[in-house]
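Taking it in order: structure first as structure tokens, then the write-up.
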Amino acid sequence: MNVAFIGLGAMGRGMSRRLIGAGHAVAGHDIGPDACAALVAAGGRSAANAAEACREAGALIVMVFNAEQAEQVLFGAHGACETLPKGAVVIMSVTMTPAQMRSFGDRLGARGWPMLDAPVSGGAAAAEQGQLSFMAAGSDEAFAKAEPLLAPMAKRVYLLGAECGMGSTMKMVHQIAAGANLAVAAELTAFGARMGLDPGLIYEIVNNAAGQSRMFEIVGPRMLDRDFAPKGPLEIFVKDLGIALEAAKANRFPLPMAAAAHQLYLAAAAHGHIAEDTAAVVKVYEALSGVEVKRKT
């Protein structure tokens, strides 16, 4: 299938490679020239903009940062909707509010493009390995057209019904777990280091005992190795936990754990770490306590 892929960053890079490996012809666009060059090196085609990528495409995958960027990709100047053939499926893997996702689904559907609300979880390494979890909602038509593309990218595809917005609702709920777990991991590691424990041993023991956390398991080594190059930028949790808190406010539902974690990520952003890896959240505790969290050699 001819596939247009917009957003070739940490996640999109691996996802597009999986599609190319499965025999799909991928034309992609990203604002970063290195990302486009990586697509070409993998066997894809770089497009100057979304409109160019979407010509003759049977599907469009959108993997940009937020709803505002998705709006420009679809409906802005040189946007996808200028050239995307009618009937092509749009796989929207952008994390946004459920209301925003429903709006995209309604607007695209009215113009003849079925949309799958399909945010993902798993991280850059899982994207490279085709081990992502998709939280998907949409019509039977959208699922049927998307399935050949989801298969090479996914470990699991969770079907959450016909209503666009339910996939995004599940991603919002999931991000509370991911963000809060990572915040706790940073806290306990820094506290243990302040008390004289080896952070490397803290990591090993916690992840082999009842306190084990998948987020700690994945991101913990980057904390310990002082590797803050953004495999997943800290800004993700500023945005995603903010989405959850806004939804909770609208629904009169308390989220005290999510709120506490959000404040920690905001503190990290205020310290200048927003473009660094999510592991940089530990730097808040380092600044407060005067301890450096790293493996003992």
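Looking across region 112-126, the residues that are over 20 Å from residue 173 (Cα atoms) and modelled with pLDDT of 95 or more come down to 112, 113, 114, 115.
Being in a loop (DSSP other than H, G, I, E, B) and either of a type in the set (Ser, Thr, Tyr) or closer than 14 Å to residue 7 by Cβ (or both) is true for just one of 90, 73, 64. Which residue is that? I'd like the intermediate steps shown before the answer.
Working: 90 fails: in a loop (DSSP other than H, G, I, E, B); 73 fails: in a loop (DSSP other than H, G, I, E, B).
Result: 64 is the single residue among 90, 73, 64 that is in a loop (DSSP other than H, G, I, E, B) and either of a type in the set (Ser, Thr, Tyr) or closer than 14 Å to residue 7 by Cβ (or both).
Residues in region 91-119 that are free of Cβ contacts under 8 Å to residues at least 40 places away in the same chain, open to solvent by 10 Å² or more (accessible area, probe 1.4 Å) and of a type outside the set (Gly, Ala, Ser): 107, 111, 114. If I filter region 107-118 for residues that are closer than 19 Å to residue 57 by Cα, assigned to a helix (DSSP H, G or I) and aromatic (Phe, Trp, Tyr), do I get at least one hit? Taking every residue of region 107-118 in turn, none turns out to be closer than 19 Å to residue 57 by Cα, assigned to a helix (DSSP H, G or I) and aromatic (Phe, Trp, Tyr).
Of all residue pairs spaced 6 or more apart or on separate chains, those with beta-carbon atoms under 9 Å, a first member in region 70-82 that is touching a residue at least 12 places away in the same chain (Cβ under 8 Å) and a second member that is in a loop (DSSP other than H, G, I, E, B) and of a type in the set (Lys, Arg) are 81/111.
Taking region 32-61 only, how many residues are among the basic types (Lys, Arg) and either within 18 Å of the chain's Cα centre (by Cα) or not in a loop (DSSP other than H, G, I, E, B) (or both)?
Of the residues in region 32-61, the ones among the basic types (Lys, Arg) are 45, 55.
Then keep just the ones that are either within 18 Å of the chain's Cα centre (by Cα) or not in a loop (DSSP other than H, G, I, E, B) (or both); that gives 45.
Count: 1.
Screening 57, 88 for residues that are more than 20 Å from residue 236 (Cβ to Cβ), out of contact with any Gly (no Cβ under 6 Å at 6 or more places or on another chain) and open to solvent by less than 10 Å² (accessible area, probe 1.4 Å) leaves exactly one candidate, 57. Annotation note: of 83, 95, the sole residue that is farther than 18 Å from residue 4 by Cβ and in contact with an Asp or Glu (Cβ under 9 Å, 6 or more places away or on another chain) is 95. Residues that are of a type in the set (Val, Ile, Thr) and touching a helix residue (DSSP H, G or I) at 6+ places or on another chain (Cβ under 7 Å) were ranked within region 140-187; the one that is most open to solvent (accessible area, probe 1.4 Å) is 157.
Checked against the criteria, residue 3 counts as surrounded by 16 or more Cβ atoms within 10 Å (Cβ to Cβ) and under 19 Å from residue 117 (Cα atoms). Out of all the residues in region 126-139, which are touching a Phe, Trp or Tyr at 6+ places or on another chain (Cβ under 8 Å) and open to solvent by 20 Å² or more (accessible area, probe 1.4 Å)? Passing the criteria: only 133. Does region 269-282 hold any residues that are assigned to a helix (DSSP H, G or I) and either surrounded by fewer than 22 Cβ atoms within 10 Å (Cβ to Cβ) or under 20 Å from the mean Cα position of the chain (by Cα) (or both), and which are they? Those that are assigned to a helix (DSSP H, G or I) and either surrounded by fewer than 22 Cβ atoms within 10 Å (Cβ to Cβ) or under 20 Å from the mean Cα position of the chain (by Cα) (or both): 269, 270, 278, 279, 280, 281.
The values are calculated or read from the model by the stated rules, or taken from the named source; none is laboratory data. This one's a predicted model, so the numbers in the text were calculated from it and none came from an experiment. Note: ideal-geometry Cβ built from the backbone for every residue, glycine included; neighbour counts use all protein chains shown. The accessibility values were calculated without ligands, DNA or RNA, using every heavy atom of the protein model including side chains. Shrake-Rupley method; radii C 1.70, N 1.55, O 1.52, S 1.80 Å.
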